[in-house]
Amino acid sequence: MRRTVIGVFLAVCLAIFTGAADAKTVLITGSSTGHGLAFVKDYAARGWTVIATCRSPDKADRLQAFASEHDNVIVEELDIVDYPEVDALAKKYEGTAIDVLNLNGAINTFRFGPNRFGSIDYEWFEQIMKVNVIGQIYVAEAFLEHVAASEEKKIIAMSATGGSIANVGRRGGGIAVAYRASKAGLNMAMRAMGEAVKERGVIVAVIAPGTIDTEGYMNAGDPSSIPDRYKRMIQLGALDPRHAITDMMDLIDGLTLDDIDKYHQWDGEKLRW
């Protein structure tokens, strides 16, 4: 059975009675697999109350299994481009302070092959822009009051190195056009939002996480168990280590309003816009 806002209330009460009154809350989108699930696990390990959202909780077996063993994890259904559903969830948590809104859920088109000039699927392009740009901003605005009411006051969007216009020549030339455009658009949207809300003390930032080895492929005892795509990435040095998740959490912890004009990589390196 999915826990709801009552679970957040109980988690906060538990924190108070156990002396952890400074326990914080994070809402993470795209929590069922990959980076999102890793964020859920690591924030839960730090004692945060975690609102883990995904499009299909009934299919999110790994997330549900983890939540069933951790009272500080609440699973909620959320499709970031289903605007009535976003509004309903924001209403449900009205009055709940959210310290970090982690906008992780997105479409990663590198998983579905390159989208090159001359063979662009424009319907797919439109969907990518809707999810990776418009959906992110919609969720950020829907939960702005929750974030503004918190101690940390942070909205963090997961971007990509491919969103850097300055570095486009170094990152595969003309492939993944829609994905690159969506991440560049996300960067601009979040940068503009950061300026719009900074007077309220809300910190809006983007981080490029790369592709993180959340499945432990880099330490696999049986190389045959590694999918071919990840074998290639390991050979090229293009797979980031599992600790990139906790490194990003540390980075987020340290962000201030002075950082809203910076484009960070997971390891703290500042990328060119």
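Odds and ends about this structure:
- Of all residues making up region 226-247, the number that are touching a residue at least 60 places away in the same chain (Cβ under 8 Å) and crowded, with 19+ Cβ neighbours inside 10 Å: 1
- You will find that of Val206, Val177, the residue that is touching a Leu at 6+ places or on another chain (Cβ under 9 Å) and touching a residue at least 24 places away in the same chain (Cβ under 8 Å) is Val206 and no other.
- Output for region 232-242, where each listed residue is touching a Phe, Trp or Tyr at 6+ places or on another chain (Cβ under 8 Å) and either of a type in the set (D, E, K, R) or part of a loop (DSSP other than H, G, I, E, B) (or both): Asp240
- Among the numbered conditions (1) closer than 22 Å to Asp261 by Cα; (2) touching a helix residue (DSSP H, G or I) at 6+ places or on another chain (Cβ under 9 Å); (3) acidic (Asp, Glu), the only one that Asp121 does not meet is (1).
- Arg116 satisfies every condition listed in (1) over 25 Å from Ala238 (Cβ atoms); (2) surrounded by fewer than 18 Cβ atoms within 10 Å (Cβ to Cβ); (3) not aliphatic (A, V, I, L, M) except (1).
- Meets criteria (closer than 22 Å to Glu141 by Cβ, assigned to a loop (DSSP other than H, G, I, E, B) and either without any contact (Cβ under 8 Å) to a residue 12 or more places away in the chain or of a type in the set (Asp, Glu) (or both)) for Asp261: yes
- The number of residues in region 187-208 that are under 29 Å from Asp240 (Cα atoms), touching a helix residue (DSSP H, G or I) at 6+ places or on another chain (Cβ under 6 Å) and of a type outside the set (A, V, I, L, M) comes to 1.
- If you go through region 55-93 and pick out every residue that is part of a loop (DSSP other than H, G, I, E, B), among the β-branched types (Val, Ile, Thr) and buried (at least 19 other Cβ atoms within 10 Å of the Cβ), you end up with 1.
Computed from the coordinates by the stated procedures, all read-outs in this text should not be read as laboratory data. Note that the structure is a prediction, hence the values are computed from the model and not measured. Positions of Cβ are generated from backbone atoms using ideal geometry, with glycine treated the same way; all protein chains shown enter the neighbour counts.
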